[in-house]
Amino acid sequence: MTDSNFYIETPRLYISHYQPSNDAHCDFKVVLYNQPELIKGQHRNASAFPDRTSARAFILETQDEQARSGYGRFLVSLKPSSVNPNKLFSEIQSECEMVGQVSLKFAQGPYAYTAPDVGYGFLSKYWGNGYATEASAALLKYFEEEKGVKEVFGFCNANNEGSMGVLRRLGFQQRGVMDLKPYGVHGMVWVKPGMSEDLSVYGLTG
Ligand SMILES: CC(C)(COP(=O)(O)OP(=O)(O)OC[C@H]1O[C@@H](n2cnc3c(N)ncnc32)[C@H](O)[C@@H]1OP(=O)(O)O)[C@@H](O)C(=O)NCCC(=O)NCCS
């Protein structure tokens, strides 16, 4: 079970765990994944989360592994203008507007890489405010400082300007379009500065 009082703070945002018992969290995931802009951008016809039940089941299924390893998907919310410092995060979270998701996780399967990849998706009405960059930078800093994770990939479609913009603002370096075997797609590969020129050392051959 993930800690409902865990959070990472940025100047404007909170990054925290989805809670399967929280209907608002489940409903937010449904809305986020069913945005027409997101489905179109990823060439998907149907959402992975058609309803609250499927979102709740996914959060439940993944939360123990996330609690164990730390890796996974995180909820991003706007910080309210004032916060009672005597309250726990779980007590104030319902006052925070949920705006998006950031993730750091490993690809799965026989072709999995040895470095995780960063991901993000926000409600379209919040695009253009720098929230995805702010949340992703904080997540990367947290993993580097708390868990020593320095090597991170960023993968995106070569036509996903929004995603490429985030990776650029994070300071990632572009390494070209490659066959991303664990994901079954060709995608643009970006790396955090300082990573090897030879991406096969991370299991990425392509
Ligand atoms: C990818 C995605 C999160 C990018 O969102 P975004 O809002 O463009 O990204 P950022 O949070 O970095 O915001 C950057 C924009 O905010 C602007 N901005 C405003 N205030 C800012 C601030 N304080 N700091 C940084 N940028 C700021 C920037 O100028 C930039 O706008 P521009 O693109 O018009 O130049 C969004 O397009 C999305 O959710 N897409 C669908 C999911 C998806 O494709 N995910 C990636 C899969 S690989």
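For the stretch 36-192, report the % of Cα-Cα distances exceeding 26 Å. Show your work: numbers first, answer last.
Details: 3715 of 12246 pairs.
Every Cα pair in the stretch 36-192 considered, those over 26 Å come to 30 percent.
Name the lysines eligible as straight-distance cross-link partners of K150: C-alpha to C-alpha under 17 Å, and not fewer than 8 places from it in the same chain.
Once the sequence-local lysines are set aside, what remains near K150 is K105, K141, K192.
Determine the dipole magnitude for the stretch 38-125: charges of +1 sit on the beta-carbon of Lys and Arg, -1 on that of Asp and Glu, nothing else is charged, the reference point is the Cα centre, and the result goes in debye to the nearest 20.
Numbers: 10 positive and 8 negative charges, 48 e Å.
The calculated dipole for the stretch 38-125 is roughly 220 debye.
Whole angstrom only: what separates the Cα centroid of the stretch 63-90 from the Cα centroid of the stretch 113-175?
Cα centroid of the stretch 63-90 versus Cα centroid of the stretch 113-175: 18 Å apart.
On a straight-distance basis, which lysines could pair with K87 in a cross-link, Cα separation under 25 angstrom, same-chain partners fewer than 8 positions away excluded?
K79
Under a GNM of the chain (C-alpha, springs under 10 Å), which listed residue has the highest mean-square fluctuation: N34, N129, N160?
For the chain, modelled as a Gaussian network with Cα springs under 10 Å, the answer is N129.
Picking from V149, V102, V191, which is most flexible by a Gaussian network model of the chain using Cα springs under 10 Å?
Sorting by GNM fluctuation, first place goes to V149.
Subtract the Cα-Cα distance of M1 and H186 from 0.36 nm times their separation in residues, and report this length gain in nm to one decimal. Don't skip to the end; give the middle numbers.
Working: separation 185, 0.36 × 185 = 66.60 nm, distance 3.45 nm.
Going from the current span to full extension adds 63.1 nm.
Could you give the length gained on full extension between Q108 and E91, defined as 0.36 nm per residue of separation minus the Cα-Cα distance, in nm? Working shown, then result.
Numbers: separation 17, 0.36 × 17 = 6.12 nm, distance 3.46 nm.
That pair, Q108 and E91, stretches by 2.7 nm at full extension.
Picking from G187, F6, A137, whose Cα lies most toward the positive end of the charge dipole for the chain (charges on Cβ: Lys, Arg +1; Asp, Glu -1)?
Highest projection toward the positive end goes to G187.
In debye, nearest 20: dipole of the chain around its Cα centre with unit charges on the Cβ of K, R (+) and D, E (-)? Could the numbers behind the result be given before it?
On the way: 20 positive and 22 negative charges, 68 e Å.
With Lys and Arg at +1 and Asp and Glu at -1, about 320 debye.
Within 10 Å, count the other beta carbons around each residue, average over each peptide in 68-80, 131-143, 173-185, and list them highest first. Please report the intermediate quantities before stating the final value.
On the way: 68-80: 18.4, 131-143: 20.2, 173-185: 14.4.
So the peptides 68-80, 131-143, 173-185, ranked by packing, come out 131-143, 68-80, 173-185.
Would you please give the FRET efficiency between S21 and E145, computed as 1/(1 + (r/R0)^6) with r the Cβ-Cβ distance and R0 = 30 Å, to the nearest 0.05?
Values: r = 30 Å, r/R0 = 0.99.
The calculated FRET efficiency here is 0.50.
Evaluate the relative contact order of the chain (contact order divided by residue number), counting alpha-carbon pairs under 8 angstrom at least 6 apart; express in whole percent.
Relative contact order of the chain: 17 percent.
Could you do me a favour and compute the accessible area per residue for the chain, 1.4 Å probe, result in Å²?
Details: 10550 Å² over 206 residues.
Per residue, the chain has an accessible area of 51 Å².
The values are calculated or read from the model by the stated rules, or taken from the named source; none is laboratory data. Since we're looking at a predicted model, the values are computed, not measured. Ideal geometry is used to build each Cβ from the backbone, glycine not excepted, and the neighbour counts take in all protein chains shown. Calculation scope for accessible area: heavy atoms of the full protein, side chains included, ligands and nucleic acids excluded. Shrake-Rupley method; radii C 1.70, N 1.55, O 1.52, S 1.80 Å.
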